Structure formats: structure tokens, C-alpha cells
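All remarks here apply to the structure that follows.
The values are calculated or read from the model by the stated rules, or taken from the named source; none is laboratory data. Quick caveat, the model's predicted, so the values are computed rather than measured. Quick reminder, even Gly has a Cβ in these numbers, built from the backbone with ideal geometry, and neighbours come from all protein chains shown. Note: areas computed on protein heavy atoms with side chains; ligands, DNA, RNA excluded. Shrake-Rupley method; radii C 1.70, N 1.55, O 1.52, S 1.80 Å.
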Amino acid sequence: MRIIEAKDYEDMSRKAAAIIGAQVLLKPNCALGLATGSTPIGAYNQLIDWYKQGYLDFSRVSTYNLDEYRGLSHDNPQSYHYFMNEHLFSHINIDIEATHVPDGSNPNAEEACSSYDALVEAAGYVDLQLLGIGNNGHIGFNEPAAAFAAGTQCVDLTESTIEANSRLFDHIEDVPRQAYTMGVGTIMHARRVLLIASGPKKAQAIYDTVRGPVTPEVPASVLQLHADCTIVADSEALALLT
Ligand code: GLP
């Protein structure tokens, strides 16, 4: 694991965007694995800026998002489909047909998950997977569990995740209880992984990810086994490591 320390959120965002931007420059038709949450917003804003300044071209890029709430339609403002359009896709020259998010509007979990797996596999997996991290060490929506999941699965969200994500909803009861998420196995197929983290709430999860045992109880710890994983985190998120 390569760890890059950033001064603060802004610095983390710029460094992460530089790595994603370099991937797009090196391979203009690359497949990017993308993430939602508050953490990647700054990096997406920076990518949009560089696109607007003419430094980046996304016309041949395809994207595969990690996860989606089960039961939310694509036009629901709380859905990750909506999030990605709002925070990135509608601001750059990406072909919207080449962007993919698990279909949370499909109530048939088995079909929604297997068709997403087939899609990612047919694409030959992603060149670069961007990840945030949950306070409990989750990646995508792979919550602490007894075993690592291989492919896309339907998961019950833990109370701590529901609580953490409720800040984005009017009422905590509105937070969906389930989600479709790429499995840890799918994430590990990415040729490169970039995990970003900011703020003191992430410090324990980052410590466990880097120094703890590799265990499905801390899903991100599996990244210790990835051949090309970079963590870009600010000093607050790295506080327990130094
Ligand atoms: C959600 C997402 C994750 C994300 C995590 C942390 O649970 N499914 O992909 O990494 O939240 O979010 P934030 O970046 O807002 O702290």
C-alpha cells in the first residue's frame, strides 16, 4: 500500500483528481470505478475544472459505480444515479450511455446484481477504482461481515451506516435499509485502487485498514492484498498511523 498524506480536504481532493486525471490521460478509453459520498465531491469538482480548462477529455471514458440504494428510482435526488449526474457526469463530456450504476429501481435483487456483475466482467473490470471508506471500514456498501463477498450483492445496511448517511436525508426513516453493492472480489479485480479519506471520523478505519489484520470485519483491510493500492488521506484521517 502506498500512503500519500494530504494537508486537508482540499489538498486530498486535488491529489486524488491528479491520479484520476493521469489515468484518463494515459488511457483515454479507460474504465473508471467511481464512488459516492461526501469525500469524492472535491475530487470531482477538480476534474470538472480541469475538463473545463481543456486539460481532460472524458469522451471515451466508461464508468462503473460501486453501489446504489435498493428501492430508489434513478431520478430520486437521494439516489447515487442522481448524485453522479449532479456532481460529475452532467458537467463533463462523458457519454452518459457509458456510465453505469447498479439499478436500485429493480426490486429483483438477484437479477439486478447478476446483470451488474456481467456488465463489469464484460468490460474486463476497471482500470482505476476510486473508493471512500465508511466509519466502520466499509467499502462500497460492503459492511463488516463474516466473509468477503465476491460479486455484486444485496446488503442490509448497518445501523451505524444508516445513521452516518442520514445527514443527507430529511429523516433517518427515509434512509433505505438495503443497497446493491459491488463485492469485495469485484473491487479487487480493479487494476489500480485509490482510496480517499478525510477527517477524524475516518482515523480508526484507516488505521485498521493499514495496520490491522486482513479481515471481513474491516472490509477495506483486504486492500493490503491488492498489488496497486494508493491511499490519499488528510492528516486527520492518518492521525492514528503517525
Ligand atoms: C457510503 C458509500 C460509500 C462511502 C461511504 C463514506 O456508505 N456507500 O461508498 O465511501 O458512504 O461516505 P462519506 O465519503 O460521505 O464519508
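In the stretch 120-138, the residues that are free of Cβ contacts under 8 Å to residues at least 12 places away in the same chain form Cβ pairs under 9 Å with partners that are small (Gly, Ala, Ser) and not in a helix (DSSP H, G or I), at six or more places apart or across chains, as follows: GLU121/GLY151. Restricting the stretch 200-242 to residues that are part of a loop (DSSP other than H, G, I, E, B) and in contact with a strand residue (DSSP E or B) (Cβ under 7 Å, 6 or more places away or on another chain) leaves a set whose member that is nearest to the ligand (Cβ to nearest atom) is ALA237. I'm told ALA190 meets every condition in (1) of a type in the set (Gly, Ala, Ser); (2) over 20 Å from ALA112 (Cα atoms); (3) open to solvent by 30 Å² or more (accessible area, probe 1.4 Å); (4) in a loop (DSSP other than H, G, I, E, B) except one. Can you identify the failing condition by its number? The number of the failed condition is (3). TYR80 meets the conditions (1) touching a helix residue (DSSP H, G or I) at 6+ places or on another chain (Cβ under 9 Å); (2) within 12 Å of the ligand (Cβ to nearest atom) in every case but one. The failed one is (1). Residues of the stretch 103-114 that are open to solvent by less than 60 Å² (accessible area, probe 1.4 Å) and in a helix (DSSP H, G or I): ALA109, ALA112, CYS113. Under the condition of being within 11 Å of the ligand (Cβ to nearest atom) and hydroxyl-bearing (Ser, Thr, Tyr), the residues counted in the stretch 59-71 number 1.
Across the stretch 118-150, what is the number of residues that are within 9 Å of the ligand (Cβ to nearest atom), open to solvent by 20 Å² or more (accessible area, probe 1.4 Å) and among the aliphatic types (A, V, I, L, M)? Number satisfying all stated conditions: 0.
From the list LEU47, LEU56, LEU34, the lone residue that is crowded, with 19+ Cβ neighbours inside 10 Å, among the hydrophobic types (A, V, I, L, M, F, W, C), at pLDDT 95 or above and within 16 Å of the ligand (Cβ to nearest atom) is LEU34. Give the residue that is farthest from ASP117 (Cα to Cα), with candidates limited to residues of the stretch 73-102 that are surrounded by fewer than 17 Cβ atoms within 10 Å (Cβ to Cβ) and small (Gly, Ala, Ser). Only one residue fits best here, namely SER90. Taken over the stretch 33-78, the criterion of being among the hydroxyl-bearing types (Ser, Thr, Tyr) and touching a strand residue (DSSP E or B) at 6+ places or on another chain (Cβ under 6 Å) is satisfied by THR39, SER62, THR63, TYR64, TYR69.
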